[in-house]
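One structure is given below, encoded as structure tokens.
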Amino acid sequence: GAWRTSSAGGTRLLGWPTGFEPAGGIFSLLHPDDLDAGMAAYQELAEGRRGPEDPVVLRIQATDGSYRYLETTGQDLRDHPAIGGFVLNSRDVTERVEAERALRESEERFRALVQSSSDIIAVLDADARLVYASPAAESILGYPDGSMIGRNVFELLHPDDLRPAQGAMAETLLEPGDERQLELRLAHADGSWRHLEVVGRNLLTDPAVKGIVLNAREITERRQAEEALRRSEERYRGIGEDQPELICRY
């Protein structure tokens, strides 16, 4: 049936004059991608399966050709003698929908970056239990996917690194936003040790994180090369000290 505006809201939000009656009906103003959802909502309203407490968000075309997101509720007042039809109440939620979409896209980009990073990104709770670990944790430490979740990270540390790590954790917990950097050895699933440069930041008060965020980069090969060089230099020095002749190096 015919449809028309009856308040100044349509003019303010969409540029429609009061009493505006679209030639093709209300559905002609819906975004093509929202047409099915709009018709379904109307059918539910007509059948008594949708009421004022069941809003639907649809894109409606303004007079300038753009689309605005409107959150709309409806009432079936066809039996009301003064109305005899459906009453729709709409409010503009474009900014909210676009902000939610931007946030969702940002989260998807962040998730893609984390998933593809060669560094470990992990989150600990206040008791040092692991609540999240990026895929790099599996490739670097060799534990099956998800098997590290819930473990206390201190259980994986080399005994000689336990005390400094616990001290850094205690200090980090004292101040939101505090950041600490350590070099630690963590146990690989095969029993060997992996050297990691770890940066931890206290984001327990951040509602989006609620934990200690760790960024860890493996430096095992670098440390092994440095150790090999040190031993080589010690051997060379020992040989020189045992020789009565003068040894020169160019």
Nitroxide proxy distance, nm - points 7 Å out along Cα→Cβ at ARG222 and MET39: 6.2 nm
In region 132-209, the trypsin sites (Lys or Arg not before Pro) that fall in loop regions by DSSP, at most 16 other Cβ within 10 Å: ARG151
Net charge over other residues, Cβ less than 14 angstrom from the Cβ of ARG223 (K, R count +1; D, E count -1): -2
Cα centre as origin, Lys/Arg/Asp/Glu Cβ charges: region 97-250 dipole, Debye: 120 debye
Per residue accessible area in Å² of the chain, where ligands, DNA and RNA are left out and the probe is 1.4 Å: 65 Å²
Estimated [θ] at 222 nm from DSSP helical runs (n ≥ 4, -39500 (n - 2.57)) normalised by residues in the chain, nearest 500: -11000 deg cm²/dmol
Calculated diffusion of region 112-237, Stokes-Einstein form, Kirkwood radius summed over Cα pairs, 25 °C and 0.890 mPa s, µm²/s: 160 µm²/s
Of (i) 7, 30, 35, 22, 6, 0; (ii) 6, 20, 17, 10, 13, 14, 9, 4, 3, 2, 1, 0; (iii) 6, 19, 15, 12, 13, 13, 12, 7, 2, 0, the label for P(r) over Cα pairs in 10 Å bins from 0, in percent derived from the coordinates: (ii)
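The values are calculated or read from the model by the stated rules, or taken from the named source; none is laboratory data. Bear in mind that the values here come from a model prediction, so they are computed numbers and not experimental data. With ideal geometry, Cβ positions are generated from the backbone for all residues, glycine too; neighbour counts draw on all protein chains shown. Calculation scope for accessible area: heavy atoms of the full protein, side chains included, ligands and nucleic acids excluded. Shrake-Rupley method; radii C 1.70, N 1.55, O 1.52, S 1.80 Å.
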